[in-house]
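Structure, as structure tokens:
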Amino acid sequence: MVEVKKMSNGIKVVLEELSYVRTVSFGVWVHVGSANETKENNGIAHMIEHMLFKGTTTKSAKKIADLTSGIGDDVNAFTGKEITSFYGTTVTKHLPVLVDLIGDMLQNSRFDEADIRKEKSVICDEIDMYEDSPEDLVHEVLQQKVWKDQPIGYIISGTKSNVRSYTREQLLAFMEEHYVADNMTISLAGCFETEAVMKQLEEVFGGIKKRVVPAKEKANDTANRIKSMFGKQLALDPYSPRYSYKKEDRVVYHKTFCTRHKEIEQLHVNIGFPSIAIGDKDRYVFSVFNSILGGSNNSRLFQIIREELGLVYSIYSYGSAYEKAGLFQIDITVNSAQAKLVFEKTFEVLQDFLKEGVKEEELATYKEQVKTELIMGGESVKSKMNANAKSVMSEERVTPLDEVLEKVEAVTCENVMEFARKTLDIRNCSVCVVGPKDSEAFAKIKRAWTHKVQEA
């Protein structure tokens with residue numbers, strides 16, 4: 001059974017006790033990432049994640065590494081566009097050590113000037129590594145361009161110039177603003193005793209302060225609550241601009257064709273369509289839709305482009321969902337000589353899909369595939385810990401697996417096709433191509449894209 005509790009300082013705690021295992025996964029999830037940054041400090045959330053492993057007031061970086069090794073060497077972290085997570089998996093007897101370690105890192109990291117200088121160099125090397133990874137680059141550049149000048153489009157690692165510019169004071173100020181109790185969720189799944197864990201969490205994390213809300217913002221919040229409670233009964237004008245439509249409250253999608261030159265053998269092509277945000281009611285429909293179209297080895301894109309025509313080694317589709325925006329993306333790795341043909345065949349598959357629809361027996365196969373993947377993916381304590389945390393952060397509750405499976409099973413052919421028609425609008429299609437500078441395929445793909453967009 002999954003329980004959601006709240007600590008004295010407001011931190012939400014998600015607990016799923018599993019008596020049949022001998023391990024436990026523990027994570028602290030902070031609602032902050034590159035989407036909370038500005039152009040000037042883009043990359044700072046990622047830098048902070050790195051610095052928390054460089055030593056605390058009581059532990060050196062070497063001591064942290066030794067402790068990590070002693071409890072199974074499975075302690076790590078990641079920064080995303082909207083979330084930063086610090087997590088680990090260990091055997092039950094070492095859980096107190098893991099909790100203490102991550103708590104110490106989050107609250108007592110030193111941010112030593114010498115360590116900051118060294119880590120800046122490490123992160124610049126990491127940025128170079130991603131630049132040398134075309135499969136990552138084509139995805140990141142597409143998102144950067146379609147959400148241009150908006151934080152959701154910022155690259156998580158930031159730029160080298162930004163990274164080199166951070167001061168210790170800037171890092172600490174950003175952390176003080178965002179690493180607050182209101183912004184945190186703690187998740188555990190595995191073999192543990194809830195009462196003992198909650199007691200330790202209060203001891204370790206209970207001192208984390210809530211966000212200090214300025215008086216003006218408090219007044220706005222109060223007015224917002226009044227308006228939501230009484231709705232149409234209020235004949236007065238809005239109390240503040242907060243009630244008016246604000247441009248920054250939505251994410252604006254910009255249709256684009258973008259390129260990046262890299263001296264590599266093959267072309268990497270990423271096709272994007274505006275799609276659902278995280279927590280959208282159509283997410284179960286999307287999972288089936290994606291599986292049919294390109295999310296599996298028996299999908300239409302894979303079977304036609306790769307298996308029947310033998311034109312590529314890799315082609316697949318996936319979703320990128322965030323709080324206020326999302327994309328449906330198709331990723332293709334192809335030889336330059338075949339690129340235009342593959343691009344056109346890909347759109348033929350999409351158009352045929354819209355024309356032919358989905359048959360009942362076909363739908364049943366893919367729904368079963370999605371459900372099996374959900375069941376298998378939820379077997380590990382780490383998967384359960386991750387899923388529970390994300391669910392609480394996005395929906396304020398944990399959706400039971402049986403409920404998820406029921407909703408997948410309830411998806412109909414009409415649901416899938418309605419979603420497909422709404423999503424696969426060629427007029428809103430964006431494309432990013434990464435490959436060698438002298439490739440003629442860039443121009444050919446752009447002409448084909450322009451033609452298809454105009455034709456639609």
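The values are calculated or read from the model by the stated rules, or taken from the named source; none is laboratory data. Please read these numbers as outputs of a predicted model, since none were measured by experiment. Methodologically, a virtual Cβ is constructed for each residue, glycine included, from the backbone with ideal geometry; neighbour enumeration extends over all protein chains shown. Protein only, heavy atoms only, side chains kept; ligands, DNA and RNA dropped before computing areas. Shrake-Rupley method; radii C 1.70, N 1.55, O 1.52, S 1.80 Å.
Contact map, segment 339-351: first residue under 22 Å from residue 419 (Cα atoms), second residue outside any helix (DSSP H, G or I) and open to solvent by 60 Å² or more (accessible area, probe 1.4 Å), Cβ cut-off under 8 Å, separation 6 or more or different chains; pairs are 345/309.
Evaluating residue 351 against the criteria (1) farther than 26 Å from residue 145 by Cα; (2) more than 21 Å from the chain's Cα centre (by Cα); (3) assigned to a helix (DSSP H, G or I); (4) of a type outside the set (D, E, K, R) leaves one unmet condition, (1). Residues that are out of contact with any strand residue (DSSP E or B) (no Cβ under 7 Å at 6 or more places or on another chain) and open to solvent by 50 Å² or more (accessible area, probe 1.4 Å) were ranked within segment 66-82; the one that is nearest to residue 382 (Cα to Cα) is 73. Of the residues examined, residue 109 is one that is touching a strand residue (DSSP E or B) at 6+ places or on another chain (Cβ under 6 Å) and open to solvent by 10 Å² or more (accessible area, probe 1.4 Å). Could you list, in sequence order, all residues of segment 286-295 that are of a type in the set (Gly, Ala, Ser) and within 17 Å of residue 270 (Cα to Cα)? Those that are of a type in the set (Gly, Ala, Ser) and within 17 Å of residue 270 (Cα to Cα): 294, 295.
Looking at 334, 392, 411, 342, just one residue is touching a His at 6+ places or on another chain (Cβ under 9 Å), surrounded by 21 or more Cβ atoms within 10 Å (Cβ to Cβ) and of a type in the set (A, V, I, L, M, F, W, C), and that residue is 334. For segment 400-417, filtered to residues that are in a loop (DSSP other than H, G, I, E, B) and out of contact with any Phe, Trp or Tyr (no Cβ under 7 Å at 6 or more places or on another chain), the residue that is nearest to residue 388 (Cα to Cα) is 400.
Looking at segment 11-51, which of the residues that are of a type in the set (Gly, Ala, Ser) and open to solvent by 20 Å² or more (accessible area, probe 1.4 Å) is farthest from the chain's Cα centre (by Cα)? Outline the logic, then answer.
Step one: list which residues in segment 11-51 are of a type in the set (Gly, Ala, Ser), which gives 19, 25, 27, 33-35, 43, 45.
Next, from what is left, pick out any that are open to solvent by 20 Å² or more (accessible area, probe 1.4 Å): 19, 35.
Values: 19: 30, 35: 11 Å.
In this case the residue turns out to be 19.
A Cβ distance below 8 Å, combined with a sequence gap of six or more or placement on separate chains, defines the contacts here; from segment 92-105, residues that are in contact (Cβ under 8 Å) with a residue 12 or more places away in the chain and within 15 Å of residue 190 (Cβ to Cβ) reach residues that are assigned to a helix (DSSP H, G or I) and among the aliphatic types (A, V, I, L, M) in the pairs 95/197; 97/67; 99/197; 99/201; 99/204. Would you be able to say whether some residue in segment 265-286 is more than 25 Å from residue 405 (Cβ to Cβ), open to solvent by 10 Å² or more (accessible area, probe 1.4 Å), among the charged types (D, E, K, R) and not in a loop (DSSP other than H, G, I, E, B)? Within segment 265-286, none of the residues are more than 25 Å from residue 405 (Cβ to Cβ), open to solvent by 10 Å² or more (accessible area, probe 1.4 Å), among the charged types (D, E, K, R) and not in a loop (DSSP other than H, G, I, E, B).
Residues are listed down the side, and each one gets a yes or a no for (1) more than 30 Å from residue 264 (Cα to Cα); (2) without any contact (Cβ under 8 Å) to a residue 60 or more places away in the chain:
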| residue | (1), (2) |
| --- | --- |
| 403 | yes, yes |
| 407 | yes, no |
| 410 | yes, no |
| 421 | yes, no |
| 425 | yes, no |
| 429 | no, no |
| 432 | no, no |
| 436 | no, no |
| 442 | no, no |
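Only one of 406, 395 is farther than 25 Å from residue 185 by Cβ and not aliphatic (A, V, I, L, M). Can you tell me which? It would help to see each step written out before you state the result.
On the way: 395 fails: farther than 25 Å from residue 185 by Cβ.
After ruling out the rest, the residue left standing is 406.
Keeping to segment 117-132, report how many residues are within 25 Å of residue 258 (Cα to Cα) and either at pLDDT 95 or above or part of a helix (DSSP H, G or I) (or both). Steps first, please.
Taking segment 117-132 as the starting set, the residues that turn out to be within 25 Å of residue 258 (Cα to Cα) are 124-132.
The next check asks that each one be either at pLDDT 95 or above or part of a helix (DSSP H, G or I) (or both); those that pass are 124-131.
Within segment 117-132, residues that are within 25 Å of residue 258 (Cα to Cα) and either at pLDDT 95 or above or part of a helix (DSSP H, G or I) (or both) number 8.
For segment 310-336, give me each residue that is over 28 Å from the mean Cα position of the chain (by Cα) and touching a residue at least 24 places away in the same chain (Cβ under 8 Å).
So in segment 310-336, the residues over 28 Å from the mean Cα position of the chain (by Cα) come out as 310-311, 335-336.
Once the filter is applied, which keeps residues that are over 28 Å from the mean Cα position of the chain (by Cα) and touching a residue at least 24 places away in the same chain (Cβ under 8 Å), segment 310-336 yields 311, 335, 336.
Checking each residue in segment 292-309 for being surrounded by fewer than 21 Cβ atoms within 10 Å (Cβ to Cβ), touching a residue at least 24 places away in the same chain (Cβ under 8 Å) and not in a loop (DSSP other than H, G, I, E, B) picks out 300, 304.
Given the structure, is residue 313 surrounded by fewer than 15 Cβ atoms within 10 Å (Cβ to Cβ), in contact with a Gly (Cβ under 7 Å, 6 or more places away or on another chain) and of a type in the set (Ser, Thr, Tyr)?
On the way: surrounded by fewer than 15 Cβ atoms within 10 Å (Cβ to Cβ): yes; in contact with a Gly (Cβ under 7 Å, 6 or more places away or on another chain): no; of a type in the set (Ser, Thr, Tyr): yes.
No, not satisfied.
Selection of segment 355-390 for residues being without any contact (Cβ under 8 Å) to a residue 24 or more places away in the chain and of a type in the set (A, V, I, L, M) yields 364, 376, 387.
So the check is Cβ under 9 Å with 6+ separation or different chains; which pairs have a first residue in segment 127-147 that's open to solvent by less than 40 Å² (accessible area, probe 1.4 Å) and a second one that's assigned to a helix (DSSP H, G or I)? What qualifies is 127/160; 127/163; 137/130; 137/131; 143/152; 143/153; 146/153; 147/153.
Take the residues in segment 414-443 that are in contact with a helix residue (DSSP H, G or I) (Cβ under 9 Å, 6 or more places away or on another chain) and open to solvent by 80 Å² or more (accessible area, probe 1.4 Å), then tell me which one is modelled with the lowest pLDDT.
Residues of segment 414-443 that are in contact with a helix residue (DSSP H, G or I) (Cβ under 9 Å, 6 or more places away or on another chain), as a first pass: 415-421, 423-424, 426-436, 439-442.
With the extra rule that they be open to solvent by 80 Å² or more (accessible area, probe 1.4 Å), the set shrinks to 418, 421, 427, 440.
Numbers: 418: 98, 421: 97, 427: 95, 440: 90.
Per the stated criteria, the residue is 440.
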